[in-house]
Every structure is written in C-alpha cells, then in structure tokens.
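For reference, the structure discussed in these notes is given below.
The values are calculated or read from the model by the stated rules, or taken from the named source; none is laboratory data. Keep in mind that what you see is a predicted model, and the values were worked out from it rather than measured. Please note: Cβ atoms are built from the backbone with ideal geometry, for glycine as well, and neighbour counts cover all protein chains shown.
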Amino acid sequence: MQWRTPWHITEGQHYRFLRTFYKEGSNRKLLKLLQTSIDLSPSSVRKWLEKKKYEREAQMQSYIPERHQMLGNELAAAHFIVYRGGAVKFFNEDIWIKADDNKEYSLPSQYEPDKHLQAIDCTDMNLYYEGLINLDGLKQLEWLSLNGCEKMDDWCMDKISNIFSHSLIYLDIRNCPNISEKGIGALYKLRNLKILYMDDFLRSTTYELTCLLLQEVNPDLEIMSDPIVF
C-alpha cells in the first residue's frame, strides 16, 4: 500500500497549477513579494504616496505625438510650458506669453511655420525629466530658466545638453538642489553657452573644480552666482 503521495509528484502538481497564474521564471519574484512584510508606518505610507504622485505627474508630462503633429515642435512646446505655469517668448516678438490667473493664455492652435521659440522661463515649475522630451526639436532656443525647478537633477542636465547643444546661450539653474557637479560637468556639450547662472559654486571643492573645468572647455562662458550670505 502507498500511504502518501511522493513529494516530487506533489511539488510537480503544485508547479503545474501555479503556472496558470504566472509565467515560468517569475515564481521567484512572486514568492518574494508574498514573503515581504507590509510596512504601514507613517513614513513608509508617505513615501509610497510620494512615489505614486511622482509617477502620476510624470506620466502627465509624457510626449503626445498628436499634439506635435498638429502644432509642430515649437508651438507644442509652447503650449506644454505655458499650460503648466511657465512663460515663452518667440523670435521677433517683444512679449512673453504666460497664462493668467484663470489659466487662460493666447497661443495659436494650429501650426504656424514662422513661430520659433527664443526663450523659455520654467521658474518654479514642477518639471520632470519625462517632460523634457516635449522640448526636443527646438533647434533655435537661446534662453532657458530652470530656477526653482526642484525635480531637475543630473540626468536632466545631460538631457538638456543634448537637446540644446548648438543653440543655448543662457541657462539658469538656481535653486535646483538635486543638480550636483556631475550635472554641471554634462553642460560641456552646450557649445554656445555664454552665461550660466547658478547657486554658490564654492559649495565644495569638486563643485568649484568642475566649474573651472567647464570654463576651460568653453572660454567664452561666464558663470554667475547670487551673493553668498553667511
């Protein structure tokens, strides 16, 4: 008589049953997830909510092909910036376009070939790395302010350097605490940059050396900083 099912048959049956719920090779991830304890402490819940908020807002700034096809890169970028509280200026125009208190603004709703962005002011905008793709294709932009854009980091600096490598003349990155000397170093690709406005460039030795190297690569670059308050 056989009193119990051999273990290898039992395990095989369980394995075949579970395969209907997940792909082969993913069992380790599933088991790890099931074995992970749930942390409901206030700090963990807060981090989870912040992560979900970040993912949601970043997704809202993702690239929309239909918008660019209808408006072109210049106007599509202008709508993207102004709608989120920024301001833009076109070549051969003396006015800055910005939304009013009711979030209403005046921008063409159809493609106009003579519209080319000269300047973008993103001061205090909640701008994410994912949103920078909406600026791709701006070949003539000369002036860009990211003052107070706290989500900007070293990866964003690398992205901006690639997009505006041949056009950008002025860049303001004050009050961007997540930009380190690595992000500053990535700005060497901005070949025509003449003015870099930043926080205290004497904050650390590596930060200062990176700024000096950046000026060595680009002798025409002037690095400006607000007065230091002790």
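Remarks
- Test: residue in region 69-76 that is loosely packed, with under 12 Cβ neighbours inside 10 Å, modelled with pLDDT of 75 or more, over 18 Å from the mean Cα position of the chain (by Cα) and at negative phi: yes
- Counting the residues of region 218-230 that are exposed (fewer than 14 other Cβ atoms within 10 Å of the Cβ) and either among the hydrophobic types (A, V, I, L, M, F, W, C) or assigned to a loop (DSSP other than H, G, I, E, B) (or both) gives 8.
- Considering residues of region 151-178 that are part of a helix (DSSP H, G or I) and not aliphatic (A, V, I, L, M) only, the residue surrounded by the most Cβ atoms within 10 Å (Cβ to Cβ): Cys156
- Some residue of region 185-197 being surrounded by 14 or more Cβ atoms within 10 Å (Cβ to Cβ), more than 28 Å from Phe91 (Cα to Cα) and out of contact with any strand residue (DSSP E or B) (no Cβ under 7 Å at 6 or more places or on another chain): yes
- Restricting attention to region 92-150, the residues that are assigned to a loop (DSSP other than H, G, I, E, B) and at negative phi add up to 37.
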